[in-house]
Amino acid sequence: MRRSLAGVALAVTSMVALSFLIPLGLLVMSLAREQSITAAEQSAAAMAPILALTTDPAELQEAGAGLRAAEHLVIHLPDRRFVGGPGHAPPDVLERAVQERESISRDVPGGWIYLQPVILPQDRVAVVENFVPDDELTRGVALSWSVMAGLAVVLLGGSVLVADRLGSAVVTSAKRLAEAARRLGAGNLDSRVQPKGPPELKEAGTAFNTMADRMTDLLAVERELVADLSHRLRTPLTALHLAVERIPPGAETGRIQAAVDELERELGAIIAEARTPLAVGPMGRVLRGDGAPEGPPADAERCEVAEVVGQRAGFWAVLAGQQGRPCQVQVTDEPTPVGLPESDITAVVDALVGNVFRYTPPGTALEIAVSRTAHTVEFAVHDAGPGIADPDGALARGGSTGSTGLGLDIARRAAVAAQGAVRITRGPLGGASVSVTFTLCVGAPQDRPRSRRRARVAGARKG
């Protein structure tokens with residue numbers, strides 16, 4: 001940007017200098033020519049009264065020697081004699097001046113001539129010729145042009161220097177603002193900028209700081225709200241614990257107690273995370289003040305989609321059996337590493353499968369599938385329900401009809417974090433089909449033979 005500003009200043013200054021210096025140079029050349037021509041005409045006109053008095057060559061030559069610009073002065077006498085040399089006027093032009101008895105000026109090879117007829121006694125005509133060489137017509141022009149060229153160079157250099165200084169201030173301020181924006185985008189909520197530079201950039205820096213302060217305040221309020229809401233759930237969770245303890249021991253009691261314990265652990269983790277005074281990155285990942293992930297290094301943030309889906313499918317298959325839902329699970333045996341932690345994939349599976357249980361009647365069949373291509377992993381949930389009338393609207397956060405809209409938004413954000421996408425179509429079971437595509441981690445094996453393990457759970461009974 002700094003070079004661009006200097007280049008723009010150089011271009012503008014060059015245009016201004018050229019628009020000023022070129023006409024000035026032409027004017028200087030024109031003035032030099034006019035001065036030489038005027039001097040030559042005056043010298044020729046000064047010889048007219050002398051010719052009226054005498055036509056003696058010696059006297060004429062003596063008189064012409066004292067005139068200005070008379071180095072090339074020639075007098076053509078009526079008897080075809082001449083004083084001062086043969087002259088430069090072509091014979092036909094000289095004859096025309098004698099016949100027409102009018103002054104003639106014109107360019108000739110090597111310069112310019114001026115012919116002044118003088119009428120002598122007895123109706124005779126003498127012609128005074130004055131020749132001005134080309135170097136006399138342009139005397140002083142080269143020096144004037146050199147001075148103007150030097151002035152133009154100084155002007156251009158000064159403008160570039162000034163533009164460079166101004167550009168340096170603008171570029172430095174813009175770089176600081178961009179760096180602060182990058183730090184803020186990486187999760188460093190303490191990132192601020194010192195407003196400097198031109199008024200516009202100062203105003204932009206002030207607006208950036210105001211925005212960052214507002215974001216920090218809003219994030220703090222949101223996290224406190226999450227913590228408060230999560231804490232309020234502890235009361236019904238405690239009541240649920242007490243209700244479970246009163247259930248007679250049985251095969252289902254252990255599963256219910258385990259589910260309640262898992263819910264309590266997740267609730268405690270949410271409260272602890274919300275109370276932590278740190279930034280929050282994509283998919284709710286906690287970041288340190290400098291924007292780096294807290295905990296394991298970045299290369300450890302990966303998991304096998306097939307393994308996570310297989311584990312969660314087992315949990316949901318039991319619930320499907322209790323509701324009389326045919327549930328088919330198709331998970332590939334190939335490696336399916338993606339750049340997301342296990343908790344994110346678990347959230348996606350629970351959100352999409354949970355939607356099927358929430359918004360389709362008991363007994364509706366569903367299918368959970370994981371497949372892999374050369375570069376992607378696809379997790380899909382198909383059901384035999386009524387489907388989704390507005391897929392685009394369902395993907396908008398909070399836009400799902402009759403729900404919070406967060407389930408599909410969780411899947412969308414996870415897909416974006418793994419450079420993938422979410423697609424909603426009509427599935428093979430006749431209802432909705434929601435597929436989430438994740439990009440495979442770099443270096444993932446791709447040469448293993450593909451196969452699938454299938455499991456069908458239909459109408460599983462309690463106990």
Principal axes first, then extents: for the Cα atoms of segment 75-120, list largest minus smallest coordinate on each axis, whole Å, largest first. 30, 22, 14
For segment 89-149, just run the numbers: alpha carbon Rg, then divide by 2.2 N^0.38 Å, N being how many residues it has. 1.54
Filter the trypsin sites (Lys or Arg not before Pro) in segment 319-403 to those in DSSP coil with at most 16 other Cβ atoms within 10 Å of their Cβ, and list the result. 397
Across segment 114-158, how large is the tail of the calculated P(r) beyond 12 Å, expressed as a percent of all Cα pairs? 74 percent
Ranked highest first by the average count of other Cβ atoms within 10 Å around their residues, in what order do 93-99, 316-322 fall? 316-322, 93-99
For q = 0.09, 0.21 Å⁻¹, Debye-computed log10 I/I(0) when each Cα of segment 122-258 counts as one equal scatterer: -0.69, -1.18
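Only the coordinates and a few stated rules stand behind these numbers; no lab work does. Everything quoted here is computed from the prediction, not taken from an experiment. All Cβ positions, glycine included, derive from the backbone under ideal geometry; neighbour counts span all protein chains shown.
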